[in-house]
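As C-alpha cells, the structure follows; a few thoughts come after it.
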Amino acid sequence: MDGLGLRRIFVTHDHPDHMGLSRWLHERHGAPVSMSEVGHSSTRAYLESSPDRLQDLQYAFVTAHGMHVERQALARAPGSEHGAWYGGLAPLARAAAGGDRLQAAGRDWELIETSGHCRGHLCLHDAQHDVLISGDQVLPTISPNVSVLPSRPDANPLRDFLDSLARLEQCAEHTLVLPSHGRPFRGLHRRIEALRSHHLEQLENLRVACREPQAAYDLLPVMYGRPLRGYHRFLALGETVAHLHFLWQAGQVERNVDAAGRIRFAAA
C-alpha cells in the first residue's frame with residue numbers, strides 16, 4: 001500500500017473469509033471496525049463457545065436429519081480447530097445497520113441489510129453512480145450457501161434470502177455489482193431472477209420427493225444430483241434443511257420428529 005494505512009474497516013458479514021483478519025488489521029493500522037451488531041455478537045458467541053459444545057450441537061443436528069457420522073469424526077472435519085479461521089475479534093467501533101449511510105471514497109453509500117446467507121449481512125449501495133458492493137448476497141456464477149445452522153435449528157433462512165433479493169431489486173438494472181467472490185458484473189436484475197428461479201425449482205423438486213416421508217440427508221441427491229464427500233456434505237445438508245424448512249413453514253410439507261429425535265418431512 002506504498003506506506004499508506006487503513007483508515008477504517010467495514011465488514012459485510014461474519015464469515016471467516018470476510019472478517020478473519022479484521023482484528024489483525026485493526027491492531028496493525030489502528031483502523032476502527034464497522035459491521036452489524038448481530039454479526040459481531042454471533043462471532044463473539046462462537047469464539048467463546050467450547051469446541052466440545054459446538055461439536056455436540058453439530059452432531060445432534062446432522063444425526064437428527066439422517067446423516068450417519070461418528071462423533072469423533074467431527075473433531076477432524078475442516079474448520080473444526082476452534083477459532084483457527086479467526087484472528088480474534090476486533091472491538092466494534094460502529095454497529096452498522098440497514099438504512100444507515102456512510103461517506104467513503106467521495107461517495108455516499110446506503111447500507112442494505114440482507115439475510116439468508118447469514119444474519120446481519122450488509123451490502124453498500126451508491127445510488128448516484130449505480131454501484132453495489134454485494135458481499136456474498138449476489139454472486140455472478142454461484143448461489144451463496146443458504147443453510148440452517150445447528151445453532152438455530154428451526155430457522156427459515158431461505159425465506160429471508162428471497163425477501164432480501166427483493167430489496168436489492170430496488171437498485172437499477174444496470175448497476176455495477178462488486179461481489180466478494182468472482183468478477184464484477186452488470187445485469188443485477190437478471191442475476192437475481194436466476195437465483196430466485198434456481199431456489200424455486202429446488203423447492204418444487206423437494207416437494208415432489210416428499211410424497212413419502214424423507215430425512216433431509218436422503219434428499220441430498222434431489223438437490224445436488226451427484227455424490228458429495230467430506231465437508232461438502234455438511235454444507236449441502238444445511239442447505240437442504242433450509243429448503244425443507246421453507247416448505248414446512250409455508251404449510252407445503254409436515255415436519256415430524258420421532259421419539260429418538262429423528263426428523264422426517266412429508267407432504268402436508
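The values are calculated or read from the model by the stated rules, or taken from the named source; none is laboratory data. Since the structure is predicted, the reported quantities are computational estimates derived from the model, not experimental observations. We place every Cβ from the backbone using ideal geometry, glycine too, and count neighbours over all the protein chains shown.
Given the structure, is Thr12 closer than 16 Å to Leu124 by Cα and surrounded by 15 or more Cβ atoms within 10 Å (Cβ to Cβ)?
Numbers: closer than 16 Å to Leu124 by Cα: yes; surrounded by 15 or more Cβ atoms within 10 Å (Cβ to Cβ): yes.
Yes: the conditions hold for Thr12.
Name the helices (runs of 4 or more DSSP H) wholly inside region 156-268 in which the number of residues that are surrounded by fewer than 20 Cβ atoms within 10 Å (Cβ to Cβ) and modelled with pLDDT under 95 is 3 or more. Give the steps one after another, and end with the answer.
Numbers: elements: 157-168, 188-209, 220-224, 231-249.
Here the list reads 231-249.
Scan the helices (runs of 4 or more DSSP H) fully inside region 1-61 and keep the ones with 1 or more residues being out of contact with any Pro (no Cβ under 8 Å at 6 or more places or on another chain) and over 25 Å from Ala97 (Cβ atoms). Full working, then the answer.
Details: elements: 16-19, 22-29, 37-48.
Answer list for region 1-61: 22-29.
Scan Leu47, Leu57 and give me the residue that is more than 30 Å from Trp109 (Cα to Cα), of a type outside the set (S, T, N, Q) and touching a Leu at 6+ places or on another chain (Cβ under 7 Å).
Details: Leu57 fails: touching a Leu at 6+ places or on another chain (Cβ under 7 Å).
The unique qualifying residue is Leu47.
Tell me, yes or no, whether region 62-77 has at least one residue that is surrounded by 14 or more Cβ atoms within 10 Å (Cβ to Cβ), touching a His at 6+ places or on another chain (Cβ under 8 Å) and not in a strand (DSSP E or B).
Taking region 62-77 first, the residues surrounded by 14 or more Cβ atoms within 10 Å (Cβ to Cβ) are 62-67, 69, 74, 77.
Okay, now just the ones that are also touching a His at 6+ places or on another chain (Cβ under 8 Å), so none.
No, that holds for no residue.
If you go through region 96-106, how many residues are modelled with pLDDT under 95 and at positive phi?
Going through region 96-106 one residue at a time, the tally reaches 2.
How about region 162-189: which of its residues are among the charged types (D, E, K, R) and under 21 Å from the mean Cα position of the chain (by Cα)?
Our first condition is that a residue be among the charged types (D, E, K, R); within region 162-189, this holds for 163, 167, 169, 173, 183, 186.
Result: Asp163, Arg167, Glu169, Arg183.
Consider only pairs whose beta carbons are under 8 Å apart and that are at least six residues apart or on different chains; among these, list those whose first residue lies in region 234-260 and is under 17 Å from Leu220 (Cα atoms) and whose second residue is of a type in the set (D, E, K, R) and assigned to a loop (DSSP other than H, G, I, E, B).
Pairs found: His245/Asp154.
Hey, among the residues in region 124-146 that are of a type in the set (Ser, Thr, Tyr) and assigned to a loop (DSSP other than H, G, I, E, B), which one's surrounded by the fewest Cβ atoms within 10 Å (Cβ to Cβ)?
The first filter runs over region 124-146 and keeps only residues of a type in the set (Ser, Thr, Tyr), leaving 134, 141, 143.
This time we only want the ones that are assigned to a loop (DSSP other than H, G, I, E, B), so: 141, 143.
Working: Thr141: 11, Ser143: 16.
Selected residue: Thr141.
I'd like the full set of residues that are more than 12 Å from the chain's Cα centre (by Cα) and within 16 Å of Asp14 (Cα to Cα), limited to region 137-151. If you could, list the steps in order and put the result at the bottom.
Our first condition is that a residue be more than 12 Å from the chain's Cα centre (by Cα); within region 137-151, this holds for 139-142, 150-151.
Ser151 - this is the single residue of region 137-151 that is more than 12 Å from the chain's Cα centre (by Cα) and within 16 Å of Asp14 (Cα to Cα).
Any idea which of Trp109, Trp85 is more than 30 Å from Ala259 (Cβ to Cβ), at pLDDT below 95 and either surrounded by 19 or more Cβ atoms within 10 Å (Cβ to Cβ) or not aliphatic (A, V, I, L, M) (or both)?
Values: Trp109 fails: at pLDDT below 95.
Just a single option satisfies the conditions, and that option is Trp85.
Ala84 - would you say it is out of contact with any helix residue (DSSP H, G or I) (no Cβ under 8 Å at 6 or more places or on another chain) and hydrophobic (A, V, I, L, M, F, W, C)?
yes
Cβ-Cβ under 7 Å, sequence separation 6+ or interchain: first residue in region 22-38 and within 15 Å of Gly88 (Cα to Cα) and touching a residue at least 40 places away in the same chain (Cβ under 8 Å), partner hydroxyl-bearing (Ser, Thr, Tyr) and crowded, with 17+ Cβ neighbours inside 10 Å. Which pairs?
Between residues of region 22-38 that are within 15 Å of Gly88 (Cα to Cα) and touching a residue at least 40 places away in the same chain (Cβ under 8 Å) and residues that are hydroxyl-bearing (Ser, Thr, Tyr) and crowded, with 17+ Cβ neighbours inside 10 Å, the close pairs are Val33/Ser22.
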